[in-house]
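The values are calculated or read from the model by the stated rules, or taken from the named source; none is laboratory data. Everything quoted here is computed from the prediction, not taken from an experiment. Positions of Cβ are backbone-derived with ideal geometry, glycine not excepted, and every protein chain shown enters the neighbour counts. Just so you know, the surface numbers come from the protein's heavy atoms only, side chains and all, with ligands and any DNA or RNA stripped out. Shrake-Rupley method; radii C 1.70, N 1.55, O 1.52, S 1.80 Å.
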Amino acid sequence: SKVSADRFVRDKEIRIPANEPWTPTGVFIDYDDTVTIKATGKICFRTGRKESCVGPGGMGKSDYERSWRAEANACSDPFAGSGHGALIGKVEDFGYFPFAVAGSKSFTGQKGSLHLGINDCAFTGDSSNTGEFEVTITIDRGQVAK
């Protein structure tokens, strides 16, 4: 944690496993906090298939639907606005609406427990995901440090 004269900034590093729909980060945010999430790493959304490996931005919808038609039609990803297998987030006490994170995202104006997850709807059998994203979450508390 770094403390400046007028702000409190906290960094947290966490791994987001590909085989869990949502991972609690242990970070609680408040309305005046600015949250910045940065992600690296690679996951594969299909067991043992290199062509299913993606970074935090996931695979574009048209590429996914063309290359993985049967899987794409089997269920709907939690956030239609992100690539398949992308890093997504939600703030638990804020209506559970998922949002895109991909490689980097900053936001403010939400309150609750931050969860990060994988934009995928199948996590078992042939659709078992492997790998993980390495994520740094920076919270700028936006008020005078006590």
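Below is a table of values for the structure above.
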{"quantity": "Residue selected from the stretch 63-98 under the condition exposed (fewer than 15 other Cβ atoms within 10 Å of the Cβ) and of a type in the set (A, V, I, L, M, F, W, C), by the criterion modelled with the highest pLDDT", "calculated": "80"}
{"quantity": "The stretch 19-35 - residue that is open to solvent by less than 40 Å² (accessible area, probe 1.4 Å) and within 14 Å of the chain's Cα centre (by Cα) and, of those, farthest from residue 111 (Cα to Cα)", "calculated": "23"}
{"quantity": "Residue within the stretch 10-18 that is outside any loop (DSSP other than H, G, I, E, B), over 18 Å from the mean Cα position of the chain (by Cα) and within 27 Å of residue 107 (Cα to Cα) present", "calculated": "yes"}
{"quantity": "All positions within the stretch 31-49 that are within 16 Å of residue 139 (Cβ to Cβ) and of a type in the set (Gly, Ala, Ser)", "calculated": "39"}
{"quantity": "Residue among 124, 138 that alone is without any contact (Cβ under 8 Å) to a residue 24 or more places away in the chain and among the β-branched types (Val, Ile, Thr)", "calculated": "124"}
{"quantity": "Counted residues, the stretch 116-137 - those being buried (at least 17 other Cβ atoms within 10 Å of the Cβ) and farther than 28 Å from residue 48 by Cβ", "calculated": "1"}
{"quantity": "Matching strands (runs of 3 or more DSSP E) fully within the stretch 33-142 where at least 1 residues are among the β-branched types (Val, Ile, Thr), over 14 Å from residue 17 (Cα atoms) and touching a strand residue (DSSP E or B) at 6+ places or on another chain (Cβ under 6 Å)", "calculated": "34-44, 87-91, 104-108, 130-140"}
{"quantity": "Residue ID - nearest to residue 102 (Cα to Cα), chosen from residues in the stretch 35-51 that are polar (S, T, N, Q) and modelled with pLDDT of 95 or more", "calculated": "40"}
{"quantity": "Residue 42 in contact with a Ser or Thr (Cβ under 7 Å, 6 or more places away or on another chain) and open to solvent by 70 Å² or more (accessible area, probe 1.4 Å)", "calculated": "no"}
{"quantity": "Residue count, the stretch 19-32 (criterion: among the hydrophobic types (A, V, I, L, M, F, W, C) and outside any strand (DSSP E or B))", "calculated": "0"}
